[in-house]
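In what follows, a single structure is set out as C-alpha cells and then discussed.
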Amino acid sequence: MTPHLHPSVAKLLTLPDRQRQQSLFTYKWIPYTRAQHVIRKLDDLLTYPPTHRMPNMLLVGDTNSGKTVILRHYAETHPSYAHEEDGRLVRPVVFMQAPPGPDEGRFYNILLDQVYAPYRTNDRVDKKQRQVIHTLRHLGVRMLIIDEIQHVLAGSQAKQRLFLNVLKYLSNELMIPLVCAGIRTAFNAIQHDEQLANRFEPVALQSWSMGDEYRRLLLSFELLLPLQHPSNLVDDVLAYKLLDMSEGRLGELARILRLAAVQAIDEKSECITLNGLSRLDYTIPSERMIYHRLFSVKEGAEPGYLTGNDHPLPDGLLSGEVRLVS
Ligand SMILES: Nc1ncnc2c1ncn2[C@@H]1O[C@H](COP(=O)(O)OP(=O)(O)OP(=O)(O)O)[C@@H](O)[C@H]1O
Ligand SMILES: [Mg+2]
C-alpha cells in the first residue's frame with residue numbers, strides 16, 4: 001500500500017531506479033491555492049466584455065515564484081479550436097516571452113512567431129504592428145500574456161515610455177486584456193505611467209511561510225515523489241528545514257525535493273530525511289546571489305539588474321496582500 005503517493009506516481013515504483021529518477025524531472029502541475037486564485041482572475045479577464053478601456057493584470061513576484069508556470073498552464077488549458085460556423089482557427093490565449101531588450105520590432109517578431117504568421121524580419125515596425133493587430137483580430141485572440149515584461153521595461157525612461165505606449169496601443173486597439181508577468185522592476189516601471197498603473201492590477205506571488213497553505217503544498221509534493229516510503233514532509237522538522245533552505249521560493253523547494261528524492265533513491269533510504277537534506281549539494285538562493293553580485297561587480301556589469309531587488313515594492317505587496325487598482 002502506498003497511500004503517500006498519487007496513484008499515477010505509485011505505478012512508477014516498479015520502474016528501475018534510473019527511470020524513477022528521470023521521472024522526477026518531468027513537469028507536474030500543483031494547483032496550490034494562490035495559483036488557483038490567479039487563474040480565477042485570469043478567467044474574469046478572459047470573459048470581460050470588450051471595451052476601449054480593458055483591465056490588465058501584472059503578475060509580480062521574485063524569481064522562481066511560479067509566475068511562468070501559472071501563465072503557461074493557463075495558455076495550455078485554453079488551446080486553439082476550430083470556429084463552429086466557418087471552421088476558422090480561433091486562438092483565445094496567446095502566450096509570449098518579451099524580447100531581451102526594449103526592441104519593438106523584435107517584440108512583434110516574437111508575437112507573430114507565436115501565432116505562426118509569416119513576416120519579413122526587415123519590414124518596418126509600423127507594418128509589423130499592423131500585421132500583429134490584423135492577425136490577432138483574425139484569430140479571435142481574447143488575451144495576450146507577456147512574460148518577462150521587465151526586459152522591455154529596462155533602460156532609460158524614454159525607452160520605457162516607448163514600450164509602455166506599445167502595450168497601451170495594443171490593448172486599446174485589440175480591446176483585449178494584457179497579462180504581463182515580471183519581477184519587481186516591472187512593477188516599478190508600470191507605476192511610473194499613471195494611465196497604465198490605473199489599468200494594471202498588480203497580483204503578487206509572495207514567498208511561502210509556515211502555515212496550512214505551505215503544509216498543503218508539501219503534501220502535494222510528497223504525493224508526486226516516487227519513493228517507496230513516506231517522508232512526512234509536513235512534520236515540523238522537515239517542513240522548517242525545507243522552508244529555510246528554499247527561502248520560501250516555490251522553484252527552489254521543487255528543486256530541493258527533486259535532488260533529495262534522487263539522493264534517497266541512490267542511497268536506498270527511499271524517503272527524504274533531515275540528514276539527507278543536510279548533505280545535499282545545494283546552495284541557498286541568497287548565498288548564490290551574493291556570489292553572483294560579487295562576480296558581476298568584477299565583470300563591470302550592474303549588480304542587481306538581474307533581480308531588480310534594489311527597487312523596493314510598497315509594503316505588503318509581496319507578502320500576500322493584493323491591492324486592487326480601479
Ligand atoms: N504550480 C506548480 N506546480 C508545480 N511546480 C511548480 C509550480 N509553479 C512553479 N513550480 C516550480 O517552480 C519552478 C519555477 O517556476 P517559474 O519558472 O514559473 O518561476 P518564475 O516566477 O517564472 O521565475 P522567473 O522570474 O525566474 O522567470 C518551476 O520550474 C517548477 O519546478
Ligand atoms: Mg518566469
Task: Simple spin-label estimate for LEU15 and VAL125 in nanometres, 7 Å along Cα-Cβ - done: 4.8 nm
Task: Which listed pairs, of LYS67/LYS128; LYS11/LYS41; LYS67/LYS241; LYS127/LYS159, have C-alpha distances above 32 Å, in listed order - done: LYS11/LYS41
Task: Sites matching chymotrypsin sites (Phe, Trp or Tyr not before Pro) across region 152-227 that sit in DSSP coil, with at most 11 neighbouring C-beta atoms within 10 Å - done: none
Open item on the list: Nearest 10 degrees is fine. How inclined is helix 67-76 to the longest principal axis of the chain, computing both from alpha carbons?
Closed with: 70 degrees
Task: Inter-probe distance in nm under a simple model that places probes 7 Å from Cα toward Cβ, at GLU173 and ASP281 - done: 5.1 nm
Task: Which of ASP103, ASP244, ASP123 has the fewest Cβ neighbours within 10 Å, and the rest in rising order - done: ASP244, ASP123, ASP103
Open item on the list: As a footprinting exposure proxy, order ASP43, ASP193 by other Cβ within 10 Å, with the fewest listed first.
Closed with: ASP43, ASP193
Open item on the list: Give me the percent relative contact order of the chain, please, defined on Cα pairs under 8 angstrom at least 6 residues apart.
Closed with: 24 percent
Task: Virtual spin-label span in nm between LYS159 and ASP86, 7 Å along Cα→Cβ - done: 4.1 nm
Task: Within the chain, helix-based [θ] at 222 nm, where runs of 4 or more DSSP H residues each add -39,500 (n - 2.57), nearest 500 - done: -14000 deg cm²/dmol
- [ ] First select every other residue whose beta carbon is under 13 angstrom from the beta carbon of ARG72; then total the charges, Lys and Arg +1, Asp and Glu -1.
- [x] -2
TODO: Going by C-beta contacts inside 10 Å, put CYS180, CYS271 in order with the fewest on the left.
DONE: CYS271, CYS180
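Where a number appears in this text, it was derived from the coordinates with a stated rule and is not lab data. Since the model is a prediction, treat every value here as computed from it, not as a measurement. So basically every Cβ, Gly included, is an ideal-geometry build from the backbone, and we count neighbours across all protein chains shown.
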